[in-house]
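The values are calculated or read from the model by the stated rules, or taken from the named source; none is laboratory data. Everything numeric here is computed off the predicted structure, so don't read it as measured data. Note: ideal-geometry Cβ built from the backbone for every residue, glycine included; neighbour counts use all protein chains shown.
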Amino acid sequence: MRDGLGSLVPLAAECMFAVLFVRAVVGYLRRRDPLQRDVTLVFLPCTLWFAFITLVVTEVPTPTSVTVITQTVLFAQPYLTVRLAARLRAVPRWINWSSLAVYVGTATPLLFGPHPMRPEGWWRWALAAAGFILVEVVAARLLLSKAQTRTGANRARLTTAAATTLLFGLMVALLAAGSISRLPWEAMNPQEPHPLADNFIAAYRVLGLMCSIGYLIAFAPPRWLRRLFSASTAQSVSERMLRAQVESAEEVWQTYADIMRVQTGADAVAVLMPRKDGLLAPIAYAGPRIRTPEELGFDDLTQLIRAGQPARLREGGDALVEHYGDDLGDDFVTLLSMPVPPDSEGAVLLFNRHRSLFSDDDLRLFALLGGQAGILAERMSVVTAQRRLATELSSSVEALTRASQAKSAFLANMSHELRTPLNAIIGFSDLMRQEEPDGDRRLVPADWVEHIHTSGRHLLGLINDILDLAKVEAGRLELRLAPLRIDTAVQELLTGLSPLLITKSLTVVTELSPATASADRVRFRQIVENLLSNAIKFTPEGGQLTVSTVRDGENVLVTVADDGVGIAVEDQERVFEEFQQVGDPDRQRAGTGLGLALTKRLVEAHGGEIWVRSELGYGSAFSVRLPGAVVVQSLTSTSAGQGARVLLVEDDPQSAELLQTQLEHAGYQVDVAGTGEAGLTAAGARPPDAIVLDVALPGIDGFEVIRQLKADRRLADIPVFFATIIDERQAGLALGARDYFVKPVDQAALLGALARSVAARPAAPRVLVVDHDDTIRQAIEDGLRAGGADVVAVADGHDGLAMSRESQFDLIVCDMQSPAVDGFSMLAAMEQEPSTRRTPVLGLASTAGEASLVATAMAGGIVADAMAGGAGSEKLAPLLGVRGAEDVDEKESP
Amino acid sequence: MTADNPRILLVEDEELNRTLVKAVLARAAIAAVRDAEVLDASSLGAARTQLSSQDVDLVLLDMNLPDGNGLSLASELAAGKVGAGRRKPSVVAVTASVLPQDRAAAIEAGCDGFLDKPYAAADLVAVVAEHLSKR
């Protein structure tokens, strides 16, 4: 009876192992999966051993060779388990080799020892068992540590596998203990069985049965058990999906990928969804940081799906290798199709360096759960879109409300601002009406008229600002962008504002480096004028303004700084808003309250920006950045100077540089002398076409320089212009200066005056001589030629008239009594011609031949003298007499 | 001008408007108005000083003042915080802020009258005369 039961247990274990083994073999043969092969190899020793036991129990005679082979295979089991663990997780290579070495080293004495074993050979059993247990413990540890990194069914299965492995080790320990204790007894009592033998045998047989069940659960669970596992995992996946706090569709997919990674124990998970063009594109990825691909080739994926089992990543197709290969090179890749309701189909890519215990069926179930994620994602994206729409709506409602409020505030302010000057206009004019009439007039205080006028101007300024503002707002502001020298424009503005500056005794420091903006001249002036008048307004008497222009990369920068009251930080943005008047309570009337708002818009219309830096009590600095312009030498300005030479006598290098730049820009060649003496020397060495002269100079001053110039016959005719800080205009003009400019110099005025005097310098006067007398004609011609004139001589009035129509002459010398067409008829005809009407004519009357000759000679001589004087149409002018006198007068007046 | 002449305090930051008011009042046909002594203040602070140092019959009060809104002075006067122990003056808001809400705010603050800018000379005289006659 005891024997019957005892043999039943190993039989059951054997059946179990046999079934496991056969299933594993079949599974491996079907799929050639390396994991399946290793599972098969673990089951093989167990199956063989229990087959052997069954034979022993049923007292079938077993030859020694069978025993040896069975034992050989049995003792390999721990090593094979380590190999299986290495399939499921990373196992250092040395552990693998050591396990093999321990197996060979410890089992060999037993396997190749004498059979049957003698009592003194007990150590062979002990050694083999110790080796077996050692490796088995290592394998169990490997499986257990893997189990701890997993959750759910996977963890349970790996833990079971680890425990079963330990049990198997214990079983072998009992087997060894049984064999060792039996040896001496059997040696002494060959016929009598060991009293404890049955107990050992029963114990290890039961352990064997338990092991078979454990391995069954761990590595080859029956279908119903697997379903249970995957159902619980699926439920956990679903729960985690639903519990996850997600805001958008992307997050849903990301959560799904994360959960899939944890549940399947994959190294990486990529979720792919079809794009509009049908190609699958990654929508979520969980795993080590890698480059995620834009898209994946469809062919590669189809192939993978068809394969239906993990493939080496390197064999997974070009796209996969290209995108994931670098980072996940050694992995297996599994592609699972993921139908997403209602009608799309995505895919889940699982990357595994080591194999998961989940069967492909289980994985497919998880992929199906992805469909749920799809529904969730769909819902989430709808919700997100709704939320976004709601946010947009509410923000546009807010913006509209703000705009409407701003409009109302603007109108209220506008009404207020318009009423203020109107009050003075209506009030004072009302008062005027009440004054006593004096006939059809009224005698009113002059102040009142002034008040009305000032208020009217203020009102007009306000209206203009509003119109400009409205134009900018409506985008109807037309800018005539052209290269504009902002340094000179600013200088001009400062000159224009100088009365205001003087009234408040403000000092202006200018740092005007040449800079050219692409700007509308009128609008630019408006911008800077606003800033300057603000600065003047908010700077107390005796304060200082600093105005600078500078190139700033591709832009230009204008800065107007004052040392006035300053603007508090919290007000600095508001100053650019309409009707915001901030700052000092004791301020003067702060203009229309639109100036800076308009300025900001004008700057922005230029594509520039404006900002303020300020500190209360330390002044403000407004800066404007405008796009720069490529500096092209303007044709018109170049032609103004025509390359004429200007000598600039100026000791201050900065002023000299500014003036030099301005003049050169206008087309002049400029020589600079730093002292009066140097100026005189330079002028003497090479007389310039004009001289620009400072008064305050080291050594002799400007007045002495002009005195010496005028005293030198050769230099006396060179036009001299003063450009100085010293306001002694009368003295300068009295000394013979052509004009007098007080710094800051109005650039346009100086250039205009220079241009006029340079243009007045005749290149070579063209003279038409008409005289029928060859001798006289020749004499006049020679005289004029000697004076440097370009002479055309004709014999009669007819030709003269034709010639005068053909080209322009500076002077016509004409015999009044020419026989063919006389001088008078010719003059009458010329009078009719617009081109010749204003040409001066010198008429020669030869009542007596000699007198005419004298007159002619005189005329030629004087002309020649004038020419020799070098330039100076002035001297020529009185001679030219008769007509064009008004031109001459203009030029003559100082 | 006798000691009995009414006293008007003009609180107005714009000099032009101060000149105008004074010119209008000085030329008024009504003797009480014409003879009134016109003090002026260009800020709330100056107005408070004036009000605490002497009796004033009428305050012509601008709203947009450099150191605050004129209505705050009206409230202070109504609450007796300014010019304590002095005769309580009538307060007329003279302002270019003419929207209904501005008027409501002025009345709320305790102004006795309201004169919109721009005003005709006759309107100013009439308002001043009306309030002076109440004293």
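Brief remarks follow.
- Selected residue (only one of A:ARG155, A:ARG150, A:ARG141 is touching a helix residue (DSSP H, G or I) at 6+ places or on another chain (Cβ under 8 Å), within 30 Å of A:SER236 (Cα to Cα) and not in a helix (DSSP H, G or I)): A:ARG150
- Helices (runs of 4 or more DSSP H) (entirely within region B:17-87) containing at least 3 residues that are touching a Gly at 6+ places or on another chain (Cβ under 8 Å): B:44-53, B:70-78
- Among the residues of region A:404-415, some residue qualifies, meaning at least one is in contact (Cβ under 8 Å) with a residue 24 or more places away in the chain, at the interface with chain B (Cβ under 10 Å from one of its Cβ atoms) and part of a helix (DSSP H, G or I).
Rundown of residues vs (1) surrounded by fewer than 23 Cβ atoms within 10 Å (Cβ to Cβ); (2) modelled with pLDDT of 80 or more; (3) in contact with a Phe, Trp or Tyr (Cβ under 7 Å, 6 or more places away or on another chain); (4) farther than 17 Å from A:LEU216 by Cβ, yes/no style:
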{"residue": "A:ALA18", "(1), (2), (3), (4)": "yes, yes, no, no"}
{"residue": "A:GLY27", "(1), (2), (3), (4)": "yes, no, no, no"}
{"residue": "A:ARG31", "(1), (2), (3), (4)": "yes, no, no, yes"}
{"residue": "A:LEU35", "(1), (2), (3), (4)": "yes, no, no, no"}
{"residue": "A:THR40", "(1), (2), (3), (4)": "no, yes, yes, no"}
{"residue": "A:CYS46", "(1), (2), (3), (4)": "no, yes, yes, no"}
{"residue": "A:TRP49", "(1), (2), (3), (4)": "no, yes, no, no"}
{"residue": "A:VAL57", "(1), (2), (3), (4)": "yes, no, no, yes"}
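- Set side by side, the residues B:ALA74, B:ALA78 differ, and just one is closer than 24 Å to B:ALA129 by Cβ, away from every other protein chain (no Cβ under 13 Å) and under 13 Å from the mean Cα position of the chain (by Cα), which is B:ALA74.
- Looking across region A:655-682, just one residue is at pLDDT 90 or above, in a helix (DSSP H, G or I) and under 19 Å from A:LYS743 (Cα atoms), and that is A:GLY676.
- Failed criterion for B:ASP67 (all others in (1) within 14 Å of chain A (Cβ to nearest Cβ); (2) at pLDDT 85 or above; (3) closer than 22 Å to A:PRO421 by Cα hold): (2)
- Where B:ALA93 falls short, out of the listed (1) within 14 Å of another protein chain (Cβ to nearest Cβ); (2) outside any loop (DSSP other than H, G, I, E, B); (3) more than 10 Å from the chain's Cα centre (by Cα): (3)
- In region B:99-113, residue farthest from the other protein chains (Cβ to nearest Cβ) [restricted to those that are buried (at least 16 other Cβ atoms within 10 Å of the Cβ) and more than 18 Å from B:LEU44 (Cβ to Cβ)]: B:ASP112
- When A:GLU478 is tested against the conditions (1) in contact with a strand residue (DSSP E or B) (Cβ under 9 Å, 6 or more places away or on another chain); (2) farther than 25 Å from A:MET414 by Cα, the lone failure is (2).
- Test: residue in region A:491-509 that is more than 14 Å from chain B (Cβ to nearest Cβ), part of a loop (DSSP other than H, G, I, E, B) and out of contact with any strand residue (DSSP E or B) (no Cβ under 8 Å at 6 or more places or on another chain): yes
- Filter result (under 21 Å from B:LEU44 (Cβ atoms) and aliphatic (A, V, I, L, M)) within region B:114-126: B:LEU115
- Among residues of region B:1-30 that are more than 21 Å from B:GLN54 (Cα to Cα), those with a Cβ under 6 angstrom from a residue that is surrounded by fewer than 16 Cβ atoms within 10 Å (Cβ to Cβ), sequence gap 6+ or separate chain, pair up as B:ALA28/B:ARG34.
- Count of residues meeting criterion [more than 11 Å from every other protein chain (Cβ to nearest Cβ), under 15 Å from the mean Cα position of the chain (by Cα) and either surrounded by fewer than 20 Cβ atoms within 10 Å (Cβ to Cβ) or acidic (Asp, Glu) (or both)] in region B:17-49: 6
Results for (1) in contact with a helix residue (DSSP H, G or I) (Cβ under 8 Å, 6 or more places away or on another chain); (2) within 13 Å of chain B (Cβ to nearest Cβ); (3) crowded, with 18+ Cβ neighbours inside 10 Å, shown as yes or no for each residue.
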site: A:VAL444; (1), (2), (3): yes, yes, no
site: A:ILE452; (1), (2), (3): yes, yes, yes
site: A:HIS458; (1), (2), (3): yes, yes, yes
site: A:LEU462; (1), (2), (3): yes, yes, yes
site: A:ASP465; (1), (2), (3): yes, no, yes
site: A:LEU477; (1), (2), (3): yes, no, no
site: A:THR488; (1), (2), (3): yes, no, yes
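- Scanning region A:433-470 for residues that are hydrophobic (A, V, I, L, M, F, W, C) and under 27 Å from A:LYS407 (Cβ atoms) yields a count of 8.
- Condition met for A:THR391 (facing another protein chain (nearest Cβ under 9 Å), within 30 Å of A:GLU577 (Cα to Cα) and assigned to a helix (DSSP H, G or I)): no
- Looking only at residues in region A:792-811 that are more than 18 Å from A:GLN778 (Cβ to Cβ) and acidic (Asp, Glu), the one that is modelled with the lowest pLDDT is A:GLU806.
- Checklist (1) of a type outside the set (Val, Ile, Thr); (2) more than 58 Å from the chain's Cα centre (by Cα); (3) more than 13 Å from A:TYR79 (Cα to Cα) applied to A:ARG157, failing item: (2)
- Candidate set from region A:514-544 (those that are of a type outside the set (A, V, I, L, M) and in a strand (DSSP E or B)); member that is nearest to the chain's Cα centre (by Cα): A:SER518
- The number of residues in region B:1-16 being within 9 Å of another protein chain (Cβ to nearest Cβ) and either outside any helix (DSSP H, G or I) or under 12 Å from the mean Cα position of the chain (by Cα) (or both) comes to 2.
- Index of the failed condition, A:TRP123 passing every other in (1) buried (at least 17 other Cβ atoms within 10 Å of the Cβ); (2) in a helix (DSSP H, G or I): (1)
- When region A:422-439 is filtered for residues that are in contact (Cβ under 8 Å) with a residue 24 or more places away in the chain and more than 7 Å from every other protein chain (Cβ to nearest Cβ), only A:ILE425 remains.
- Residue match in region A:775-788 (condition: surrounded by fewer than 18 Cβ atoms within 10 Å (Cβ to Cβ), touching a Gly at 6+ places or on another chain (Cβ under 8 Å) and at pLDDT below 80): yes
- If you filter region B:114-135 down to residues that are in a helix (DSSP H, G or I), in contact with a Gly (Cβ under 9 Å, 6 or more places away or on another chain) and within 14 Å of chain A (Cβ to nearest Cβ), you find that the one that is farthest from A:ASN423 (Cα to Cα) is B:VAL127.
- Cross-chain or 6+ apart pairs with Cβ under 6 Å, region A:520-538 first and at positive phi and surrounded by fewer than 19 Cβ atoms within 10 Å (Cβ to Cβ), then among the aromatic types (Phe, Trp, Tyr) and in a helix (DSSP H, G or I): none
- Qualifying positions in region A:221-275 - touching a residue at least 60 places away in the same chain (Cβ under 8 Å) and assigned to a loop (DSSP other than H, G, I, E, B): A:PRO221, A:VAL246, A:GLU247, A:SER248, A:GLY265, A:ALA266, A:ASP267
- The lone exception for B:VAL59 - which of (1) under 29 Å from A:GLY456 (Cα atoms); (2) buried (at least 16 other Cβ atoms within 10 Å of the Cβ); (3) touching a residue at least 12 places away in the same chain (Cβ under 8 Å); (4) within 14 Å of another protein chain (Cβ to nearest Cβ) it fails: (4)
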